[in-house]
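Inspection log for the structure reproduced underneath, given as structure tokens.
The values are calculated or read from the model by the stated rules, or taken from the named source; none is laboratory data. Predicted, not measured: the structure shown is a model, and the values here were computed from it. So basically every Cβ, Gly included, is an ideal-geometry build from the backbone, and we count neighbours across all protein chains shown. Only protein heavy atoms, including side chains, enter the accessible area calculation; ligands, DNA and RNA are left aside. Shrake-Rupley method; radii C 1.70, N 1.55, O 1.52, S 1.80 Å.
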Amino acid sequence: MEFIERAQRAKLPVLAGATVAGFVAQRVTQTVLDGFYARSGYPVPYYVGQLSFSAGKLSGWYTAMRDAGTLGVYWQTQFMDFAFVAATALFFTAALALVARAFPAGSRGRRVATAAVALGLFAPLCDAVENLLSFVMLPDPATVNPVVAVLYSTAAALKFAGFFAVYLWIPAALVAALISRRRSVVDA
């Protein structure tokens, strides 16, 4: 994949800068998103709603916001979430490319870690799909389609799994890279 190869060829200061910039952007956009969620009056924590797999529950929560006059703020939240998606894609991709570079050149570990860079786009892509599906449900909050609700929650579950995988992979791969580098020094 051309994108991964280009990220992998980037100079270390560029990768480190992109990782820091992505992390900061992700934290800032998360803070802004949290404010939007709070102002929308979403009746349950966002992850509870996203993982409900229930048209009835989603309809009830959306209708509650409509009745409270805050559904418009929730719409804005969904649009703002795309900034978080972009920040996360930058952070994950740059961080994973940086981790891949921690392995010795030409090693199996670097090849595996380079392939894992694609994982950096998985969670943001699922988050974007989840947002797009919410736009299908929000125009008529009283009648959420059960199939769309399941697809929405599936995208959310895959998103959360992607986040978990990246946050687990980064420290595990860094430890493996350190061990690999130590072994290559000892074997030299």
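Using Cα atoms only, what is the angle between the long axis of helix 71-102 and the major principal axis of the chain, expressed in degrees (0 to 90) to the nearest 10? Tilt of helix 71-102: around 10 degrees.
When +1 charges are put on Lys and Arg Cβ atoms and -1 charges on Asp and Glu Cβ atoms, the dipole computed for the stretch 1-137 relative to its Cα centre reaches about 580 debye.
The stretch between Phe164 and Leu132 holds 9.3 nm of extra length on full extension. This uses 0.36 nm per residue minus the Cα-Cα distance.
Between Phe53 and Ala21, take the C-beta separation as r, use R0 = 35 Å, and let me know the FRET efficiency to the nearest 0.05. Mind showing how you got there, number by number?
Details: r = 35 Å, r/R0 = 1.01.
Taking R0 as 35 Å, the efficiency between Phe53 and Ala21 is 0.50.
Mean sequence separation of contacting Cα pairs (under 8 Å, at least six apart), scaled by the length of the chain, corresponds to a relative contact order of 29 percent.
Full extension of the chain between Arg182 and Val150 gives 6.8 nm of extra length, using 0.36 nm per residue less the Cα-Cα distance. Rounded to a whole number, what is D in µm²/s for the chain from Stokes-Einstein with the Kirkwood radius over alpha-carbon pairs (25 °C, 0.890 mPa s)? Translational diffusion coefficient: 137 µm²/s.
Could you check how much of the accessible area of the chain is carbon and sulfur, as a whole percent, using a 1.4 Å probe? Please report the intermediate quantities before stating the final value.
On the way: 6810 of 9520 Å².
Taking all protein chains in place, the chain shows 71 percent carbon and sulfur surface.
For the stretch 1-73 versus the stretch 136-188, the inter-centroid distance based on Cα atoms is 14 Å. Against the chain, whose longest principal axis is taken from its Cα atoms, helix 146-187 shows a tilt of about 20°.
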